[in-house]
1. Projected area of the stretch 264-313, taken from the Cα convex hull and averaged over every viewing direction, in nm²?
2. Tell me, in nm to one decimal, what length is gained between residue 245 and residue 683 on full extension, where the rule is 0.36 nm per residue of separation less the Cα-Cα distance?
3. Once the piece of chain linking residue 650 and residue 400 is laid out straight, how much longer is it, given 0.36 nm per residue of separation minus the C-alpha distance between them?
4. Using Cβ contacts closer than 10 Å as the measure, can you line up 231, 220, 270 from fewest to most?
5. Full extension from residue 271 to residue 100: what is 0.36 nm times the residue separation minus their Cα-Cα distance, to one decimal in nm?
6. Dipole of the stretch 583-705, Cα-centred, from +1 at each Lys and Arg C-beta and -1 at each Asp and Glu C-beta, to the nearest 20 debye?
7. May I ask which residue of 636, 697, 686 lies farthest towards the positive end of the charge dipole of the stretch 556-784, with charges of +1 (Lys, Arg) and -1 (Asp, Glu) on Cβ and the Cα centre as origin?
8. Report the local net charge at residue 303: Lys and Arg +1, Asp and Glu -1, summed over other residues whose C-beta lies under 11 Å from its C-beta.
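Quick note: the coordinates plus some simple rules give every number you see, no bench work behind them. In this text, all values refer to a predicted model and were calculated from it rather than measured experimentally. Positions of Cβ are generated from backbone atoms using ideal geometry, with glycine treated the same way; all protein chains shown enter the neighbour counts.
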Amino acid sequence: MTVSPTKLTLGLRSFRTKFLIVVGGAVLFDLLVSGSLALWNVQRLSRDATTQVGQGLEKASQDYIRSYTDSTASQVGLLLDQVHSDVKALAGVLQAQIDRPIRNEAVGAAMAKADPDAVTVSFNSSGHWAQNLPGSPSVVSVWGYLLDKDHHPLPQVQTDIETSAVLDLVAPNLLRTGASKLQMYYIGPKERPIFRTAPYTEQAQTFDKLYPGHNDANFWDFFFPGIYESWQQWARNPAARPVPEDITQTAPYTDAITGKLIVSFFHPLWTADRQGVAGTAGADITLDQLAEIVEHVKVAESGFGFLAMSDGNVVAINAAGEKVIGLRAASDATSKGVTGLDRSLRNSSQKAVASLPLDTNGVVQHISLNENGQDIPYLVVTRQLNPSNLWVNGPVQREVMSLGIVVPEQEIYASLIAARAKIARATNRILVYQIAAVLVSLLIVAAAVFAASKRITSGIRALAAAAKRIEAKDYSVRVDIHTNDEVAQAGLAFNRMAEQISFHTENLENLVAERTKEIEEAKEEISALNTQLKSENLRLGAELDVARHIQMMVLPRAAELGAVENLEIAAYMRPADEVGGDYYDVLQNGGSLKIGIGDVTGHGLESGVLMLMVQSVARALQEAGETDPSKFLAHLNRAIFKNIERTRTDKHLTLSFLDYDGERLTISGQHEDLIVVRQTGEVERIDTGDLGLPVGLESDISPFVDTREIPFQSGDVIVLHTDGVTEAENARGELFGIDRLCQSAHRLHGRSAEDVKNGIVEGLMAYIGTQKIHDDITLVVMRHR
């Protein structure tokens, strides 16, 4: 048979022929090349495997030890942080008692009334100390030199007993939650070192048995010499702290009461002026808690961990590890109240351990330890914990504990020899499998390429023929491809495209007309909506203008402000929106004057309506003759709360009232700080946070309402404001702030109330500049003539 040159040329130009030549040749070439390279690489891998695996195993093992060390150090650090947090919480409560004497007295009186056993102590004639009886959550011990001749606590000591009774409210919960703690306590200042501890124990009785003479010496000098003096130095110079925090940790010692090895954490309390020490809050944890983390370290078969102080004293280690590194333990028992633990690496029978550096932080150290006459190689990794303030029988010093992991090298690298043997066996298997895989792949690929070429190219040929008919404007053409692949999907897409071309060609004019009509209708609808929107905006603007007008009508008139005897009153109010949420009013009924100022949450119509409610209720109560400030606020809140429930709004407001009867000025209710500028120019800020609750949050706020009398003499000026003043922003986004307001009031003191008001407003507006006012601004100035 003779093949013509034309048929040969067409055959070579067909897609199937090209597909077979290009794809089949490329795949077969790739298999041959990749197979040859794979065989060569397997041989090379066989030569390099031992070295690479050995290095990899060594690095992986060292990385694992480092990671394990870091993880265990984090666990120890987390335990210490949890204890620090609990001690700081207790110290915060006690410090608040010291800083706020008025609340201190109230809390002490309440505790004495609720639990007399917490603040009443009984004298023990044999021990010559006094202590409360069992039944209280804590025990308080008062040493003999803190008692008077009748064996009662000295007055200031009794005050400390009542002050520290707040520990009964806090310590039991802290002991139940967070890190496990043995006990929590308060110790008084050096001149009055009462000792209150939760839970209750026979504290003083135990001290008598274990520490004879302790009751004749100052507590701090007897049990913790030097620590109190360090704290006094910190009070004078905070930079003198070895570590920049107040928590002070002791070295491990034997607890007098429980007999357990413990670590104490102290947080010194400061006098209200922060110039002296007012005692300490503290907590104890047993050494078992630290030891449990370290003793559970398990690396390889016999690896272990240890926790050591910077001087090498080992705080925690398991028995097996203690034997391996040759530790010798001894107790340094003295007459002092704490007994130290001496188990130092520096006294180890192993020379390598005695000279082991602890500050290498993650560096793998190789040491040799003598075991039964043989030198056994070990790996050691240490990680330093966060620094702390440490007391050890003297001034407080900086301490950095270290966690160490020790593991025999033979256990870490035991798998290396086994790995070499497995690599050799695996190499031989890979060679056999690779050769077989290349041969099988060659056969499979050749068959698959030939079969796929026919399946793929048949669909492509059909698509090519249909495309030529579309080119000839025969839009009725369709293709039928009986496959389930991308070529079939292309055929379906081609058919849909042909249908759409046919449809759009036949219906193009109708479609254009329909679209034109739809556009015209849409334009008319948009025009009508624009007209309706403009009308709605005009209506809403008119309603808001009426609401704003009503709100401004109920504000006090200038004549009312000027009719108050002996007082000059000036006021300014600027809403952020059409209707504001700020409130102020001046209500006078006979000789009684009440000035109110408040701020409804948010601004706008709802806030303005709530402001009008408050104004109406306040006026009604004033006219009804309610003169008690606390009852006035309680009645007003109840009415507003019911209105808020009825209107289903989520608004409420801060609200304060000043009551003036010509002699006394009394403030009640919670709002922004009240600013008083004395005739001398001295500026005072009165915090109203403890004088009430926001109005409208609860139905009854009477338990929270309180009053405070403020001296108000001739020449004194009082400035009331809402947060729209202090939170106004300049172009850089900085707030005007309470300090600038105080400075403005101080600068203007001595002038009339109107001048002070105008001066503050002018300065505020100059500060705001062109920035948008985001909140209502209200200012009321009172000056005593």
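1. Working: hull surface 21.7 nm².
Seen from a random direction, the Cα hull of the stretch 264-313 projects 5.4 nm² on average.
2. Numbers: separation 438, 0.36 × 438 = 157.68 nm, distance 3.37 nm.
Here the answer is 154.3 nm.
3. On the way: separation 250, 0.36 × 250 = 90.00 nm, distance 5.38 nm.
Value of the extension gain: 84.6 nm.
4. Values: 231 26, 220 22, 270 19.
Least to most surrounded, the residues fall as 270, 220, 231.
5. On the way: separation 171, 0.36 × 171 = 61.56 nm, distance 1.08 nm.
That pair, residue 271 and residue 100, stretches by 60.5 nm at full extension.
6. Numbers: 11 positive and 19 negative charges, 83 e Å.
It comes to approximately 400 debye.
7. Value computed over the given set: 636.
8. Working: positive: 298; negative: 301, 409, 411.
With Lys, Arg at +1 and Asp, Glu at -1, the net is -2.
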